[in-house]
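Everything on this sheet refers to the single structure shown next.
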Amino acid sequence: MPVRNIWSLPIGHTHDLAATAGALTFVGGAGDFDSRGRIRNPGDLAKQIDGTAANIAAALAVEHCTLDDAVKLKAFYTAGPEIDDWHVIAALARHFPADPMPAISTVPVPMQPWAGQAIQVQVMAQRGWRALGDIRAAPRPVPPAKRAAFGGRAVTGGLRAGEFIAIANRTAEDGEGRVSHPGDGVAQSHAIMAMHEATLAALGASFQDSVKMEGYYFGTTREQWAPLAKARASHFREPGPPATVVPCQLLYPQGALTKIEVTAMRELWNGFDKYIPREDHWPKRVWDWPIPLPYRQAIGLRDTIWLGGQVPSRPFSNSGLRVLEGQLQPQVRFTMSYIEDLLRPYGRRPADLKLMVCYFASSGAPEDTEAFVQTLADCVGGALPPMTLIAQPKMHSPENTVEIWGVAQY
């Protein structure tokens, strides 16, 4: 039987599809690509989910993992009249039949990085975790109208695979499919954080074990961002995790104003759950937020380095102002210089990244993505790591065009 060629992104630069840091293996934005980087089923979400799952399996196999090793999936998908978060979660779950299923996060997006693409899926996996002694899962409620799609399976809200903990992202949707606190983003933020706090507690953890917080909100001004930022931050004490929060254009169900997820690590020691100490570096050149927040810019633990979302904010300050205003490629280079600054105290550099998650302003043309990736390649040096590329019609403001975070080998 002939060997099937591995799939590829439609870029000219050498790139990895999967990579490992510590116990974790990462797959970037997998899609329904063939070996030449072409989308096999343009515009067909159902077929693309099938092809994406097959490609995830092929990428994981490179790192001696299987689909059963997936702990967390994150799907950026193009929504439609019959397509919402629950539709995508159910369609993906069918390709991961082992229980507990991975924690599946979803983000509806108005555009994709490549022509004809309808979904891309990022994966965090841990080889052999189902054979570990410490496996815990906490379900999330599924609205009655959506339950049939899961055939009686429990949908994972949080999953602990040994020390690694993945919490699926949530809006303020309740068990009946209704949004709590319509029109109030601050109250919705607190409601989501209360859900996550309960899920973490069921897994023997707390927010202080977080290694990454990610969020989405509607808005492009500090006035729209700051109240929600303060609400999220109130659930952490310093030092908090690295954070990435970006604007969105669509959330489900109707009335949802924000969506939040966390990733954490906690160890089991002598029968007790214990906090894992982490190494924390914040070079003075790297920017700070314009309001007091408990988050850090980079932490190292368990042979991994987790970065906060880097933006082209002015160095040595917390002004909230940007440099190279509105210029994507110069801002990408500048943002990557921050990533280099953050990795340097750990004795690492951008070439040690094993995952990059990139949000960038785009007109929707594939040429925008190609130019963006070429700039990344110039900054990383060597093969590009697995990448999730999220093209956005607009970012935080007209002055800001990019946000990048990642995980590196420590």
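Just a few scattered comments:
- Measuring r between the beta carbons of Glu238 and Arg302 and using R0 = 25 Å, the FRET efficiency lands at 0.75.
- Other residues lying with their Cβ under 11 Å from the Cβ of Ser206 contribute a combined charge of -1, Lys and Arg counting +1, Asp and Glu -1.
- Dipole in debye (nearest 20) - the chain, about Cα centre, beta carbon charges: Lys, Arg +1; Asp, Glu -1: 340
- Fraction of antiparallel bridges per DSSP, the chain only, in percent to nearest 5: 75
- Ranked by the mean number of other Cβ atoms within 10 Å of their residues, highest first, the peptides 45-55, 341-351 fall in the order 45-55, 341-351.
- Neighbourhood net charge (13 Å Cβ-Cβ; Lys/Arg +1, Asp/Glu -1) for Asp134: +2
- Sparse-neighbour loop sites [GluC sites (Glu not before Pro); region 222-286; at most 11 other C-beta within 10 Å; DSSP]: none
- Top positive-direction residue, dipole computed over the chain with Cβ charges, set Gly326, Ile83, Gly204: Gly204
- If you count Lys pairs in the chain whose Cα atoms are under 23 Å apart, skipping same-chain pairs closer than 8 places in sequence, the total is 22.
- Projected-area mean, the chain, by convex hull of Cα positions, square nanometres: 18.5
- For the peptides 109-117, 170-178, residues were scored by their other Cβ atoms within 10 Å and the scores averaged per peptide; the highest-first order is 109-117, 170-178.
- Note on Ser363 and Arg222: the extension gain reaches 48.4 nm, defined as 0.36 nm multiplied by sequence separation minus the Cα-Cα distance.
- Taking the DSSP bridge list for region 280-410 and keeping only pairs wholly inside it, about 75 percent are antiparallel.
- Over the chain, DSSP H runs of length four or greater, each weighted -39,500 (n - 2.57), average out per residue to a 222 nm ellipticity of -7000 deg cm²/dmol.
- Val246 sits among other residues whose Cβ lies under 15 Å from its own Cβ, and their net charge, with Lys and Arg +1 and Asp and Glu -1, is +3.
- The calculated FRET efficiency for Ile6 paired with Ser317, based on their beta-carbon distance and R0 = 35 Å, is about 0.20.
- Loop-resident trypsin sites (Lys or Arg not before Pro) (DSSP state other than H, G, I, E or B) in region 248-321 with no more than 13 further Cβ atoms inside 10 Å of their Cβ: Lys284, Arg285.
- Kyte-Doolittle mean at least 0.0 and Cα axial length at least 24 Å: DSSP H helices in the chain: 45-62, 185-202
- Measuring r between the beta carbons of Ala201 and Arg36 and using R0 = 51 Å, the FRET efficiency lands at 0.60.
- Magnitude of the charge dipole for region 280-410, about its Cα centre and with charges confined to Cβ atoms of Lys, Arg (+1) and Asp, Glu (-1), is about 400 debye.
Coordinate-derived values only; no laboratory data. Keep in mind the model is a prediction, meaning the values are calculated, not measured. No Cβ is skipped: glycine too gets one built from the backbone with ideal geometry, and neighbour counts run over all protein chains shown.
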